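Working notes, beginning with the structure itself.
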Amino acid sequence: MAVAQNAEFRYEIEESQDHTGWKTTTIHCHGKLVNQTAGQIKELVKPLIAKGGRIVLDFADLEYLDSSGLGALVGLKVSALHQGLVKLELENLSQRIKELLKMTNLLTLFSS
């Protein structure tokens, strides 16, 4: 498991495979995904999109998401959709993050 830290954002990466061989990379996010840390999530996820499989961003311990963080997530989701054999999913969203996605009409984008 890889671990990275920033004063405001940190994560752990967990990799697994199901019985069909489909690879899942789960990124457990902690702290704040904001202007100062949005580039970090992009640098982390972009290479994973190119490899294919399933990428799960686990937000169970994400304290805050601002418009820059949201923009980074949208860019990554669009890249994943264009790539083809990769699925980018959000998991364990707080009520506040769900409301933010709903308010910006992005909930359906991340539900697909």
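The values are calculated or read from the model by the stated rules, or taken from the named source; none is laboratory data. Treat the numbers as computed from the prediction; the structure is a model and nothing was measured. Cβ placement follows ideal geometry from the backbone for every residue including glycine, while neighbour counts extend to all protein chains displayed.
Structural remarks
- Matching residues in the range 33-43 - criterion: being surrounded by fewer than 20 Cβ atoms within 10 Å (Cβ to Cβ) and over 9 Å from residue 76 (Cβ atoms): 34, 35, 36, 39, 40, 43
- Unmet criterion (only one of (1) surrounded by fewer than 18 Cβ atoms within 10 Å (Cβ to Cβ); (2) farther than 16 Å from residue 44 by Cβ) for residue 97: (1)
- Enumerated helices (runs of 4 or more DSSP H) restricted to the range 38-112, each holding at least 2 residues that are at pLDDT below 95, touching a Leu at 6+ places or on another chain (Cβ under 6 Å) and aromatic (Phe, Trp, Tyr): none
- Residue that is farthest from residue 8 (Cα to Cα) [pool: residues in the range 35-58 that are of a type outside the set (D, E, K, R) and touching a helix residue (DSSP H, G or I) at 6+ places or on another chain (Cβ under 6 Å)]: 49
- Checking residue 26 against (1) under 13 Å from residue 110 (Cα atoms); (2) touching a residue at least 24 places away in the same chain (Cβ under 8 Å), the condition it does not meet: (1)
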